[in-house]
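Student: Got a structure here, written out as structure tokens. Questions coming.
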Amino acid sequence: MLKHGYRLALASVVFLILVVLFFTNNETPPETSSIESTKTLRIGVLPDQDPETLKKRFEPVLDYLSEKLQLSCELIVPKSYPDLLRLFHDQKVDLAYFGGYSYVKARQRDGAIPLVMRRIDTRFTSLFIVKADNPAQTLESLENRSIAFGSSLSTSGHLMPRHFLQQKSITPESFFSSVLYSGAHDKTAYWVRDGKVDVGAANATTVRSMLEKGLIKPNEIRILWETPPYADYVWAIRPQFAEGFNTSIRDAFLQLSPSNADHSRILENLNAIGYIPANPDEFLSLANIAQETDAMLTADKLN
């Protein structure tokens with residue numbers, strides 16, 4: 001009896017060991033990636049300018065990141081703002097340069113983790129621009145005229161300009177004769193210059209950069225009104241990556257210094273003087289505005 005009991009006990013122990021080994025060897029691997037397991041970092045950027053302009057603008061920082069992280073970096077310019085969100089959701093983009101509006105949606109849907117922002121992104125602004133010879137002095141004087149926003153998912157080209165118009169008791173669809181969406185900030189500026197629309201809402205940094213580079217001349221457009229500041233652009237990564245990987249990317253951006261000649265050229269391309277860590281709390285107000293605007297636009301479509 002003792003020998004039989006000993007055999008049963010031994011068999012039980014062996015069985016338990018086999019069970020533990022089975023589950024240990026077959027457990028689902030954690031859904032994280034590290035620098036070592038990532039051969040190519042796929043970087044998506046907002047298509048808020050001409051694709052060729054975007055390639056020239058972002059290629060230097062991709063070369064910098066590739067060297068710092070010791071991996072290949074691939075630039076992905078999506079067809080549209082919604083396309084960038086789709087690529088991020090489908091895990092075809094790892095690191096994305098979002099506007100505040102698209103970041104809020106990516107965080108809500110896919111848990112996007114904010115890494116860094118330019119210093120100017122904590123106090124970003126939009127411009128309402130008109131043709132230089134337009135006699136209008138206020139937005140209120142443009143009733144029954146046409147307006148152009150950028151992409152419907154643009155923070156500086158749609159969401160916040162619409163928000164500030166609403167604060168002036170101006171609902172675009174009922175106040176203006178027509179509401180158009182150009183899809184990009186530079187295109188909005190060209191539409192105003194060429195007289196396709198009477199007023200356009202666009203990213204302040206893009207418009208001023210176009211004026212400085214001579215892409216649009218000061219005698220062709222005029223700034224009618226500049227909005228109050230708000231939080232906007234941010235670099236964000238998918239949540240599947242390990243914290244160490246995220247930190248390496250964050251640190252690479254934070255180390256960019258205008259006192260370094262090579263870094264200065266990179267920063268100039270990005271309209272930046274430096275980067276700071278991004279905090280999700282920066283976008284709480286923007287998230288509330290986005291929720292209210294989405295609800296209002298949905299209600300308008302249903303009516």
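The values are calculated or read from the model by the stated rules, or taken from the named source; none is laboratory data. Since we're looking at a predicted model, the values are computed, not measured. FYI the Cβ positions are ideal-geometry reconstructions off the backbone, even for glycines, and counts take in every protein chain you see.
Student: Tally the residues that are in contact with an Asp or Glu (Cβ under 9 Å, 6 or more places away or on another chain) and either without any contact (Cβ under 8 Å) to a residue 12 or more places away in the chain or closer than 20 Å to residue 65 by Cβ (or both), restricting the search to the stretch 119-150.
Tutor: 1
Okay, residues lined up against (1) outside the structural domain of residue 84 (by TED's automatic domain parsing); (2) part of a loop (DSSP other than H, G, I, E, B):
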position: 190; (1), (2): yes, no
position: 202; (1), (2): yes, no
position: 216; (1), (2): yes, yes
position: 245; (1), (2): no, no
position: 256; (1), (2): no, yes
position: 265; (1), (2): no, no
position: 276; (1), (2): no, no
position: 289; (1), (2): yes, no
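Student: Follow-up question, since we're still on this one. Residue check, residue 152 against (1) in contact with a strand residue (DSSP E or B) (Cβ under 8 Å, 6 or more places away or on another chain); (2) surrounded by fewer than 24 Cβ atoms within 10 Å (Cβ to Cβ); (3) part of a helix (DSSP H, G or I); (4) hydroxyl-bearing (Ser, Thr, Tyr), all met but one. Which one?
Tutor: Tallying (1) in contact with a strand residue (DSSP E or B) (Cβ under 8 Å, 6 or more places away or on another chain); (2) surrounded by fewer than 24 Cβ atoms within 10 Å (Cβ to Cβ); (3) part of a helix (DSSP H, G or I); (4) hydroxyl-bearing (Ser, Thr, Tyr), residue 152 fails exactly one: (3).
Student: If residue 36 meets every condition in (1) surrounded by 10 or more Cβ atoms within 10 Å (Cβ to Cβ); (2) at pLDDT 60 or above; (3) more than 12 Å from the chain's Cα centre (by Cα); (4) among the acidic types (Asp, Glu) apart from one, which number is that one?
Tutor: Status for residue 36: all satisfied but (2).
Student: Condition check: in contact with a strand residue (DSSP E or B) (Cβ under 7 Å, 6 or more places away or on another chain) and closer than 26 Å to residue 248 by Cα. Does residue 139 satisfy that?
Tutor: no
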